[in-house]
Amino acid sequence: DSATNLLRITEAHIGYGKVEAVRGVTLDVAENEIVTIIGANGAGKTTLLNATMGILPLKGGANFAGSDITRLDIEDRVMAGLSLVPEHRELFAAMNVEDNLRLGAFRNSRAESAQSLERVYTLFPRLKERRRQLAGTLSGGEQQMLAMGRALMGTPKLLMLDEPSLGLAPIIVADIFRTIGELRASGVSVLLVEQNAQAALQIANRAYVMELGEFVLQGTAKDIAGNARVAASYLGLG
Ligand code: ATP
């Protein structure tokens, strides 16, 4: 495989006090790749994303863009090119769309910010139309777009998305997933945590199936989608 590796998590153990939520997980994301982690509630997917971002401590290895990031804090990981859109989006409800976006660009110069803003508005024309609207009054789908747009303002190399489809109508989910595909085409890799396994496996290059803190299956998204056990447990085809 000639793909250039971007993120490598090696033998990661992540816990909350004495409870180990992630147990010995190894994961790779290459450049220009969409990788998805699917699994039931409580499998440990959010925990793994949070530890990769530096929000939780991780025992094991974390390598990104050729550097060891195991000991870096969140801000240095952002600087290195990592970005996370958390499950609950965490927007500033009383601020408008554009101000929320500008907050995502704190590490940029003014010229870079203007460029990032144009790029985000090209990706999400809806956000441009609504740039003066308060974030708290946006629809669920628009809020997800804004959370993704804000994460993209710092021009990350890898965007991590935690359940982007949560609570959204199917037509909006299709929209969000189309944008994820456009991101890959523009050179941003994506690590996607989803309970909507169907949609995730359709767009991803590779997939990991997580159960009780461990990866129990991994492979190309096509192979995972065709796996009988995955079909029964996660695709409702049992
Ligand atoms: P979900 O889709 O429900 O978020 P998940 O696969 O992302 O599921 P995690 O949220 O990572 O799963 O949770 C993994 C395990 O860690 C669960 O058993 C959960 O109860 C536990 N856990 C998560 N957060 C905490 C916390 N702050 N303190 C203690 N235990 C936690």
Test result for A94, in contact with a strand residue (DSSP E or B) (Cβ under 8 Å, 6 or more places away or on another chain), of a type outside the set (D, E, K, R), open to solvent by 30 Å² or more (accessible area, probe 1.4 Å) and farther than 21 Å from V25 by Cβ: yes
Return the residue satisfying two criteria in turn: it lies in the stretch 17-50 and is hydrophobic (A, V, I, L, M, F, W, C) and within 17 Å of P156 (Cβ to Cβ), and of such residues it is nearest to the ligand (Cβ to nearest atom). L49
Inside the stretch 99-116, the number of residues satisfying the requirement of being buried (at least 20 other Cβ atoms within 10 Å of the Cβ) and not polar (S, T, N, Q) is 3
Among (1) assigned to a strand (DSSP E or B); (2) surrounded by fewer than 22 Cβ atoms within 10 Å (Cβ to Cβ); (3) within 11 Å of the ligand (Cβ to nearest atom) - the single one G61 does not satisfy: (3)
If you go through the stretch 144-153, how many residues are in contact with a helix residue (DSSP H, G or I) (Cβ under 7 Å, 6 or more places away or on another chain) and either within 16 Å of the ligand (Cβ to nearest atom) or open to solvent by 10 Å² or more (accessible area, probe 1.4 Å) (or both)? 3
Would you check if there is a residue in the stretch 66-85 being within 15 Å of the ligand (Cβ to nearest atom) and of a type in the set (A, V, I, L, M, F, W, C)? yes
With criteria (1) open to solvent by 70 Å² or more (accessible area, probe 1.4 Å); (2) modelled with pLDDT of 95 or more, Y121 comes up short on (1)
So, L134, is that one in contact (Cβ under 8 Å) with a residue 40 or more places away in the chain, more than 16 Å from the ligand (Cβ to nearest atom) and farther than 25 Å from A225 by Cβ or not? yes
Applying the selection to the stretch 162-206, what residues are open to solvent by 50 Å² or more (accessible area, probe 1.4 Å), touching a residue at least 60 places away in the same chain (Cβ under 8 Å) and within 16 Å of the ligand (Cβ to nearest atom)? L166, Q195
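To keep it simple, each residue is scored yes or no on (1) assigned to a loop (DSSP other than H, G, I, E, B); (2) touching a Lys or Arg at 6+ places or on another chain (Cβ under 7 Å); (3) open to solvent by 10 Å² or more (accessible area, probe 1.4 Å).
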| position | (1), (2), (3) |
| --- | --- |
| E11 | no, no, yes |
| V22 | no, no, no |
| D28 | no, yes, yes |
| A40 | yes, no, yes |
| N50 | no, no, yes |
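The values are calculated or read from the model by the stated rules, or taken from the named source; none is laboratory data. Owing to the predicted nature of the structure, the values given are computational and were not obtained by experimental measurement. Methodologically, a virtual Cβ is constructed for each residue, glycine included, from the backbone with ideal geometry; neighbour enumeration extends over all protein chains shown. Note: accessible area is taken over every heavy atom of the protein model, side chains too, but ligands, DNA and RNA are not part of it. Shrake-Rupley method; radii C 1.70, N 1.55, O 1.52, S 1.80 Å.
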